[in-house]
1. Scan segment 117-133 for residues that are within 25 Å of Gln146 (Cα to Cα), part of a helix (DSSP H, G or I) and touching a residue at least 24 places away in the same chain (Cβ under 8 Å) and jot them down.
2. Regarding Phe8, is this residue in a loop (DSSP other than H, G, I, E, B), farther than 21 Å from Pro129 by Cα and within 24 Å of the chain's Cα centre (by Cα)?
3. Inside segment 64-74, can you point out the residues that are more than 13 Å from the chain's Cα centre (by Cα) and either among the aliphatic types (A, V, I, L, M) or at pLDDT below 95 (or both)?
4. Counting only residues that are open to solvent by less than 80 Å² (accessible area, probe 1.4 Å), farther than 25 Å from Tyr189 by Cα and either of a type in the set (D, E, K, R) or at pLDDT 95 or above (or both), how many does segment 82-124 have?
5. Here's a check for you: in segment 163-186, which residue that is open to solvent by 20 Å² or more (accessible area, probe 1.4 Å) and of a type in the set (A, V, I, L, M) is farthest from Tyr63 (Cα to Cα)?
6. Taking interchain pairs and intrachain pairs at least six residues apart, which have beta carbon atoms under 6 angstrom, with the first residue in segment 82-100 and touching a residue at least 40 places away in the same chain (Cβ under 8 Å) and more than 16 Å from Ser68 (Cβ to Cβ) and the second assigned to a loop (DSSP other than H, G, I, E, B) and open to solvent by less than 30 Å² (accessible area, probe 1.4 Å)?
7. What is the residue count in segment 134-168 for residues that are without any contact (Cβ under 8 Å) to a residue 40 or more places away in the chain and of a type outside the set (A, V, I, L, M, F, W, C)?
8. Please indicate, with yes or no, whether at least one residue in segment 169-185 is of a type in the set (Ser, Thr, Tyr), touching a residue at least 60 places away in the same chain (Cβ under 8 Å) and under 19 Å from Leu232 (Cα atoms).
Amino acid sequence: MIKNGDIFTHHELTQSVDQITSADIRPHLLYDKSNIMYMDGDTFINLMDWTPESYAQYKIDAYADIPSSAVALDKSLRDNGFRTTYKFAHEYHIPGISPNRIVRDAYKLEYFYKLATGPMHIRRGHKKPVHTKIDEATRHSYYYAQYIWSANPMARFDYAEKIHMYRDWGLVLNFLIGTGYGFHPNDVYEFVMHHNDPNLTVAGRRELYERQLAFKNWCMNKYNVDTGCLVLSTEHQEKLRSILTRTDTPYAIQLIQKLFKPGKQY
């Protein structure tokens, strides 16, 4: 099991996550009082009826038709005749760990986060194993993020130093899920640091949501391009708008620019 301050490989990271998430802490909880219900889309979920693995499979199955809104957006642009060398999906460099593995691990760790933030009632004398597992899940979520941050120094992870291992556990999980689904660093940043800003008021959150929804509806209704569940950054909204209105750099010039600067997107 990885401890704070340890240097670890991807094997040690995934093995530790497997060890943590194979544990069933429900026997340590009072079932009748710990009915941890929350709304997932149109479905009510009781976490006391799930294990970390079954919860992760449920979440993955829910997005099985469109495994990545970012990849789907790039395909939708091509299918609708919008030619661009730009990609809204991002391929992260994550040695030894596949995107699918990251998504599954993130959801398994999220199971413990949902338990920890719900009305959890622990049986008398059972506090230690519950608190130990939740602490391990919290720390390993952060170690996972550290591994991705360190392997992608050029991506927009300048906010990494602002994220606290314990206080921002939910943000860390949002980051892991976003990178696992191949969301662009700009969009992960937008979702993690802006839409989940703890200082946002209810009205502020609603305003951000309504802006995203208005842009999503504009893309779909006018151009038949679906942005899915993406929370697009301001930069990406402007980029997508220029592509759809055909005011972006001409495609032929994009190709030439890409030829001479293959690492840069246009």
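The values are calculated or read from the model by the stated rules, or taken from the named source; none is laboratory data. Bear in mind that the values here come from a model prediction, so they are computed numbers and not experimental data. Neighbour counts run over all protein chains shown; Cβ positions are idealised from the backbone, glycine included. Calculation scope for accessible area: heavy atoms of the full protein, side chains included, ligands and nucleic acids excluded. Shrake-Rupley method; radii C 1.70, N 1.55, O 1.52, S 1.80 Å.
1. Initial filter on segment 117-133 (within 25 Å of Gln146 (Cα to Cα)): 117, 130-133.
Now narrow it down to the ones that are part of a helix (DSSP H, G or I): 130-133.
Those that are within 25 Å of Gln146 (Cα to Cα), part of a helix (DSSP H, G or I) and touching a residue at least 24 places away in the same chain (Cβ under 8 Å): Val130, Lys133.
2. On the way: in a loop (DSSP other than H, G, I, E, B): yes; farther than 21 Å from Pro129 by Cα: yes; within 24 Å of the chain's Cα centre (by Cα): yes.
Yes; evaluated as a whole, the condition is true for this residue.
3. Keep residues of segment 64-74 that are more than 13 Å from the chain's Cα centre (by Cα), which gives 64-66, 71-74.
Passing the criteria: Ala64, Asp65, Ile66, Val71, Ala72, Leu73.
4. Final tally of qualifying residues: 1.
5. Met165
6. Correct list of pairs: His93/Asn152.
7. Number of matching residues: 16.
8. Let us first name the residues in segment 169-185 that are of a type in the set (Ser, Thr, Tyr), namely 179, 181.
Filter once more, so that each one left must be touching a residue at least 60 places away in the same chain (Cβ under 8 Å): 179, 181.
From the residues that got through so far, the ones that are under 19 Å from Leu232 (Cα atoms) too are 179, 181.
There is at least one residue in segment 169-185 that is of a type in the set (Ser, Thr, Tyr), touching a residue at least 60 places away in the same chain (Cβ under 8 Å) and under 19 Å from Leu232 (Cα atoms).
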